[in-house]
1. So, in region 30-47, of the ones that are under 8 Å from residue 75 (Cα atoms) and not basic (Lys, Arg), which residue ends up farthest from the chain's Cα centre (by Cα)?
2. For region 20-39, what are the residues that are at pLDDT 95 or above and surrounded by fewer than 17 Cβ atoms within 10 Å (Cβ to Cβ)?
3. Please count how many residues of region 84-98 are over 12 Å from the mean Cα position of the chain (by Cα) and either under 13 Å from residue 31 (Cβ atoms) or in a helix (DSSP H, G or I) (or both).
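The values are calculated or read from the model by the stated rules, or taken from the named source; none is laboratory data. If you're wondering where the values come from, they're calculated on a predicted model, not measured in any experiment. With ideal geometry, Cβ positions are generated from the backbone for all residues, glycine too; neighbour counts draw on all protein chains shown.
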Amino acid sequence: MFAWVRFIVTATVIISVGSVIFAEEQKARIFTAEEVAKHGASTDCFMIIDNQVCDFTKKLGPHKTKFMDIEGFCGMDITQNFKTKNGKGRNHNPASYKMLEPFFIGKLAPSK
C-alpha cells in the first residue's frame, strides 16, 4: 500500500470533453480515490469526472431530474454516468461540461 502525500502544484489544466476543451492556469491539488470517497455525503460532496475532482458541496442543492438525483453519487467516480446520462446512452452537452469548471478543485492521483 502506498501513502500519498497531498501537495499543490501549479499547472495548466487542459480538460478535453467531447469537442470542448478547457484550459486554465490554476493550482491543482492531487487527490486519491480513497480521499474522494471520504466526501460521500450531500453536506460534503466530492465527485470525480474525467480524472478531475469536483466539490459540489455548496452548489449541489436538489439536482433532481426525472432520471436521477445526483446526491447519490457523492464520493464516487461518475465519469461513465455523466457521459451516458446514467446509462441512457447520451452524453451531456458542451454547456453542461462548461458549467463544471467552477467546481474543479484538483486532479485524481494515478492509481498504483
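1. The qualifying residue farthest from the chain's Cα centre (by Cα) is 41.
2. The answer is 33, 34, 37, 38.
3. Residues of region 84-98 over 12 Å from the mean Cα position of the chain (by Cα): 84-96, 98.
Filter again for either under 13 Å from residue 31 (Cβ atoms) or in a helix (DSSP H, G or I) (or both), leaving 94-96, 98.
The number of residues fulfilling the criteria is 4.
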